[in-house]
Every structure is written in C-alpha cells, then in structure tokens.
Amino acid sequence: MPDDNEMLVRASDLRKSYGDHEAVRGVDFEIRRGEAFGFLGANGAGKSTTMRMIGCVSQPTAGTLEVFGRDPLTEGAAIRARLGVVPQDNTLDGMLTVFENLVVYARYFGIKKRDARVKAAELLDFVQLTARAKDQVNELSGGMQRRLAIARSLINDPDLVILDEPTTGLDPQARHLVWERLFQLKHRGVSILLTTHYMDEAEQLCDRLVVMDEGRIIAAGSPRELIDTHVTKEVVELRFGAAHTAELAELALTLTGVGAQIEPLPDKILVYTDDADDTGAALEAREITPTSTLARRATLEDVFLRLTGRALVEDEA
Amino acid sequence: MSVIAYGAARATLRSSGALLNRNWVAMRRAWILVVSGAVESLLFLFAFGFGVGALVGDITLPDGTTVSYTAFVAPAILANAAMMGVLNETSINVFAKFKWMKVYDGILNTPLRPWDVALGEVWWALIRGGTYIGAFVVVMGLFGLLDSWWSLLAVPACVFISLAFAGIGLTLATLFRDWPDFDWMMAVVFAMFLFGGTFTPVEAYPAFAQPIVYVMPLYHGIELVRGLSLGQPGPMMLVNIAYLLALSVGGMWIAQRRLGKALYK
C-alpha cells in the first residue's frame, strides 16, 4: 500500500539557466502522493521549465531534485516510466489515428500490444473520444486533442500526472470538460501536478499550490490559506466612469482608510476589506460615489496582484 | 555485470522496437511509397544495364577478367539502391518527424532515450531498405546476373551499406536547418552515384580524382557488392566493411547526441 505521506517530488534550491537568462532562480517545494499540486504564475514565470525538469527532459543547472526518490540526472528513463505527461502543445503523433496514438505510446512503456489495446479503449472511453477512435488526430478540435493527450498520459498508470497549462487556448466549454475529467482523476486518488495561469483553475483543482513569479516561488499553501494570509476576505471593485490610470491613482489617495488596502488598477480601484458593508458605509460618509461598485470574495487573482503588483492574465484580460 | 549488460541490451531492444512499431503503424497506410522506391532502382537497372549494356557489350576489368557490362553495372545500382532506401528514410523522413511533426517531442516523455530513437530509426531504415535490396536481387537473379554462390553475399553486403548511410542520414537530419539543405545532399549523392565507380572502374579516372573516390562511402559499398556478385572476393573487402561500419556507428553516435541536445533543453 503506498504511504500517503510519501514524497513524490522534492526540490531544493532548484535552478535552470539558458545562457544568461535564469528561468528558474532557486525554488524549493515538495509534492506528496495523492495530492493535486499547482504552480500558479504568469507566462514566463518559470513554471514550464520546472515541469520539464521534474519530467526529466531538462537538466537542472544547480540545486537538487528528486523524483520518486531518484535522481533525474542518472535515472531519467526509470522516472519517466512512472510519469504521465500532458505537454502544453500536446505533442500527439500526427501520422497516427486517435486509437493508434494510445497503443503506440503504450509500447514506448513496454506495455504488451494486447494489454495496450484494452487500456487504450478504456482510456478513450474515459475522455469520451471512443466515437473518434479511427480519426486522424488533426481532425480533432483543440479540446479533444487535449483530452486525448490526457488519456495518453494515463496509459502507464502513472504515479504522478504532470499537466502543463491543461486548459490554455481552449474555449469555456472545452475547459469544463477537461476540468471535469481532472476532477475524476483526483477522485480516483491520482497524484496531479499542474501549471496554470488561471486562478479559477488553481482554486478549484489544487489542494496545495505555489505562486511563481520571475523564476521564484513567492508564496505557498492551500488556495484558502493563500487568500487568508495575503489578502482580506472581501474585495470591493470601484469604477469611476472613464477615469483611467493616473486619475485613478489620484482618486485612490482619497480612499485611504475605507479598507485595509487600496490598489489602483488601470481601469478600476480595488479596496481590500474584511467587511464590504463597512467599506460601503465609509465611502458614503466621505461622499465618494463610484459609477459602479462590486463587492466580491477575494480570490487567488487578488493574492497574485498583491504579491506582484501585476495581474495574472494581462494579455488576455 | 553481464546480467546488467544483458538487461540493458534487452531494454534497448524493446525501446527501439517500440519506435519501429510506431513507424510501421504510421507507414502501413502509405505502402505505395515503399513500392515506388523499389521500382525506381529497377528502372535504373533496365536503362543503364540493358540499354547501355547492349551497346557496350563486354568490358575488361583492371585485373584482366572480362565481364558483361550489365553484370558490372548491376551490383553498383544495387549498392546505390541500398544507399538511397535508408538515406531517404533517415534523413528526410527523420528530419520531418524531428523538426516539423515533432514526433520525438512526445516520445521524449516516455522511457525512450535518444539512443533508442536513433536505433529504432536505423532498424526501420534497414527493413525498408532491405525490401528494395531483396526485390532488386531477385530481379538480378532472374536476368542471370548472379553467376556465383558468392553473389548471395551481396545481400548482407548491402546491409553494411545501409548501416553506413543510416548513420550518415540520421546525422544529416539533425544538422539540416531546412529543405534546401536536402538539395545539397541530393547533389552530393548524385555525384557519388555517377563517379563512385558505378559505371566505370575507378582505375579509369584521372589519378588526381582517385583519392576523392576512395573517400566516398558509396565507392566502398559498390566495391563490396560488385566483388561479391562477380564472385571475386578479396582482402580489400575487409577495409570496405570497416569503413562502412565506422560511418554507421559514428553517425548514430553523433545523431543521438544532437537529438538529445535539441530535445532535452
């Protein structure tokens, strides 16, 4: 029986440089069996590089890394045999059909043909692609290709599934289908490691996560812990007509004291507060009247904003 | 120690076999490409061997023996077929899988290592090249161009040629940047085909050109296959074999290193 506290991955002061560029600047983390662990961060934060090192397809420049208690440098093939990887760009085999993609991939793991075919049929069923078994992969939609990549990653009954940005580039409906499958996996007790720059994804799927920025881990904990530690319970979003960056920054100065922290953004001002009603009353007392006021629960997005001063998904907002 | 070595060899065989399986599954719908490759070399044989051969008749070799021109040219065309079969497969096809279709990027996440990929591609190329060789030898036999039992050894001799060019092709696949590079390769290959001792004995070339011919891998392949198919084995064949094997192992080694460097970023 696997030990629940068994460490699947252990990294300390892990670093990776490409020439002069330091992509990962000394990160420490531990991933336990049975948990869903997330790396949250903007594009270029070093998440994918870290995933590649764990996946034994990229050599660390410095620091130590252990996967399943083994050294990726000398036992890469043995580690990879126990991993399931869903790369950001799927890397499906375009010359093969959907079904062949799974069976052929199984053979790379030394799985016998007969077993591979049974397993492939099972997994196609799991990702709801049985009807597309005979199609070429290029005929599948983006969401279907991602689901096939997920099925492929499970072909060897991996001890850890690594998903790099599993829903990036998918439409909302396709995202939900992927999430739903990942929930199923979690429910079955499969250990999951995922990177994302979607805070809702991290919040819903991850038991524990680290926030990465510019190659460093800047916060770690469960989604709830991170929110409790770094931001207030609630957030009030204030908009003032067409007022923009500079005007909002000026306006923000007049708000001091209505909440625990005031954060002017290009299009709105965020007021972090433990009680949205109190903040509303304070605004009224000062005769400040925003064109719109929205009170909501604080999210990981706010955590990221507070920690880095930047939004997570800037280009897509 | 030997148990470990045996285990490692078995794992390598299994892993490279998995890649072989992948190519087989991918190619079985495109068998027409394999057939067209075999047809091409047969056309060469008919054009040069029987067309030109009918005009030339018999020729006298440097050692004084006389053979029909067709029997002289056929082994060289066979050697050329052995080269082209694997060269196309390992250079152009591997390049496409590597750079364009990113087939190895997915394989990278499995227990397969660059060595397994290189070896698997070589197996595959040998099998594909082997079908051309087999078809060609059968046709040579049907036309009475195989006179001695030695000529049966032309088949394994072709395997050495295939091995050498599989190594060279793999290395080129990892070196090439884009399609125009293949035009250069084809130009060199064609030059080897024309001047590697295919149509005339090397001794007929001017003295300054002969050393260049001796460096050509295809020359060594032609010498080997021709000597065997004409039933004239000699000690120089060991040099031919050694040269071809060195190219094979060296090429595969460079290729798997470059593959690893490009993929394991």
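The values are calculated or read from the model by the stated rules, or taken from the named source; none is laboratory data. Bear in mind that the values here come from a model prediction, so they are computed numbers and not experimental data. Positions of Cβ are generated from backbone atoms using ideal geometry, with glycine treated the same way; all protein chains shown enter the neighbour counts.
Taking region A:84-122, which residues are part of a loop (DSSP other than H, G, I, E, B), of a type in the set (Gly, Ala, Ser) and more than 27 Å from the chain's Cα centre (by Cα)?
In the first step, residues of region A:84-122 are kept if they are part of a loop (DSSP other than H, G, I, E, B); the result is A:87-96, A:109-112.
Within this subset, residues satisfying the condition of being of a type in the set (Gly, Ala, Ser) are A:94, A:110.
A:Gly110 - this is the single residue of region A:84-122 that is part of a loop (DSSP other than H, G, I, E, B), of a type in the set (Gly, Ala, Ser) and more than 27 Å from the chain's Cα centre (by Cα).
Kindly indicate the residue of region B:109-125 that is part of a helix (DSSP H, G or I) and of a type in the set (Val, Ile, Thr) and also nearest to the other protein chains (Cβ to nearest Cβ) among those meeting that condition.
Let us first name the residues in region B:109-125 that are part of a helix (DSSP H, G or I), namely B:114-125.
Remaining after also requiring of a type in the set (Val, Ile, Thr): B:117, B:122.
Details: B:Val117: 10, B:Val122: 17 Å.
The residue in question is B:Val117.
Show me the helices (runs of 4 or more DSSP H) found entirely inside region B:138-257 where at least 1 residues are surrounded by 17 or more Cβ atoms within 10 Å (Cβ to Cβ) and charged (D, E, K, R). Lay out the reasoning, then the answer.
Numbers: elements: B:154-175, B:180-195, B:210-215, B:217-229.
So the answer is B:217-229.
Any residue at all in region A:100-119 that's more than 30 Å from A:Tyr198 (Cβ to Cβ), in contact with a helix residue (DSSP H, G or I) (Cβ under 7 Å, 6 or more places away or on another chain) and away from chain B (no Cβ under 13 Å)?
yes
For region A:205-225, check the following and say yes or no: at least one residue is buried (at least 19 other Cβ atoms within 10 Å of the Cβ) and in contact with a Cys (Cβ under 7 Å, 6 or more places away or on another chain).
Scanning region A:205-225 turns up at least one residue that is buried (at least 19 other Cβ atoms within 10 Å of the Cβ) and in contact with a Cys (Cβ under 7 Å, 6 or more places away or on another chain).
So, in region A:36-64, how many residues would count as being in a loop (DSSP other than H, G, I, E, B), surrounded by fewer than 17 Cβ atoms within 10 Å (Cβ to Cβ) and more than 14 Å from chain B (Cβ to nearest Cβ)? Before you say what the answer is, go through the steps one by one.
Taking region A:36-64 and keeping what is in a loop (DSSP other than H, G, I, E, B), we get A:42-46, A:55-61.
So of that shortlist, the ones also surrounded by fewer than 17 Cβ atoms within 10 Å (Cβ to Cβ) come out as A:43-44, A:59, A:61.
Now narrow it down to the ones that are more than 14 Å from chain B (Cβ to nearest Cβ): A:43-44.
Summing the residues that are in a loop (DSSP other than H, G, I, E, B), surrounded by fewer than 17 Cβ atoms within 10 Å (Cβ to Cβ) and more than 14 Å from chain B (Cβ to nearest Cβ) in region A:36-64 gives 2.
I'd like to check which helices (runs of 4 or more DSSP H) are fully inside region B:1-101 and have at least 1 residues that are within 14 Å of another protein chain (Cβ to nearest Cβ).
Numbers: elements: B:2-27, B:31-44, B:53-56, B:69-87.
Those helices (runs of 4 or more DSSP H) span B:2-27, B:31-44.
Name the strands (runs of 3 or more DSSP E) wholly inside region A:183-233 in which the number of residues that are in contact with a Phe, Trp or Tyr (Cβ under 9 Å, 6 or more places away or on another chain) and not assigned by TED's automatic domain parsing to the domain that holds A:Leu160 is 3 or more.
none
Would you confirm whether any residue within region A:176-198 is of a type outside the set (S, T, N, Q), closer than 26 Å to A:Ala23 by Cβ and more than 16 Å from the chain's Cα centre (by Cα)?
Within region A:176-198, none of the residues are of a type outside the set (S, T, N, Q), closer than 26 Å to A:Ala23 by Cβ and more than 16 Å from the chain's Cα centre (by Cα).
Which residue, of A:Leu253, A:Leu265, is modelled with pLDDT under 90 and under 18 Å from A:Val303 (Cβ atoms)?
Numbers: A:Leu253 fails: under 18 Å from A:Val303 (Cβ atoms).
Residue meeting the stated conditions: A:Leu265.
Which one is nearest to A:Glu237 (Cα to Cα), of the residues in region A:287-301 that are at pLDDT 90 or above and of a type in the set (D, E, K, R)?
Restricting to residues being at pLDDT 90 or above and of a type in the set (D, E, K, R), the top hit is A:Arg296.
Count, please, the residues in region A:80-89 that happen to be surrounded by 22 or more Cβ atoms within 10 Å (Cβ to Cβ) and either free of Cβ contacts under 8 Å to residues at least 24 places away in the same chain or within 8 Å of chain B (Cβ to nearest Cβ) (or both).
Of region A:80-89, the ones surrounded by 22 or more Cβ atoms within 10 Å (Cβ to Cβ) are A:80, A:83-87.
From what is left, the residues that are either free of Cβ contacts under 8 Å to residues at least 24 places away in the same chain or within 8 Å of chain B (Cβ to nearest Cβ) (or both) are A:80, A:83, A:85, A:87.
Selection size over region A:80-89: 4.
Of the numbered conditions (1) under 26 Å from the mean Cα position of the chain (by Cα); (2) away from chain B (no Cβ under 14 Å); (3) in a helix (DSSP H, G or I), A:Gln145 satisfies every one except a single condition; which is it?
Evaluating A:Gln145 over (1) under 26 Å from the mean Cα position of the chain (by Cα); (2) away from chain B (no Cβ under 14 Å); (3) in a helix (DSSP H, G or I) leaves (2) as the failure.
What pairs come up if the first residue lies in region B:12-41 and is touching a residue at least 24 places away in the same chain (Cβ under 8 Å), the second is polar (S, T, N, Q) and part of a helix (DSSP H, G or I), and their beta carbons are under 9 Å apart, counting only those six or more places apart or on different chains?
B:Asn23/B:Asn93; B:Val34/B:Thr131; B:Gly37/B:Asn88; B:Gly37/B:Thr131; B:Ala38/B:Thr131; B:Ser41/B:Asn80
Could you please find all residues in region A:242-259 being surrounded by 14 or more Cβ atoms within 10 Å (Cβ to Cβ) and assigned to a loop (DSSP other than H, G, I, E, B)?
Those that are surrounded by 14 or more Cβ atoms within 10 Å (Cβ to Cβ) and assigned to a loop (DSSP other than H, G, I, E, B): A:Ala243, A:Leu255, A:Val258, A:Gly259.
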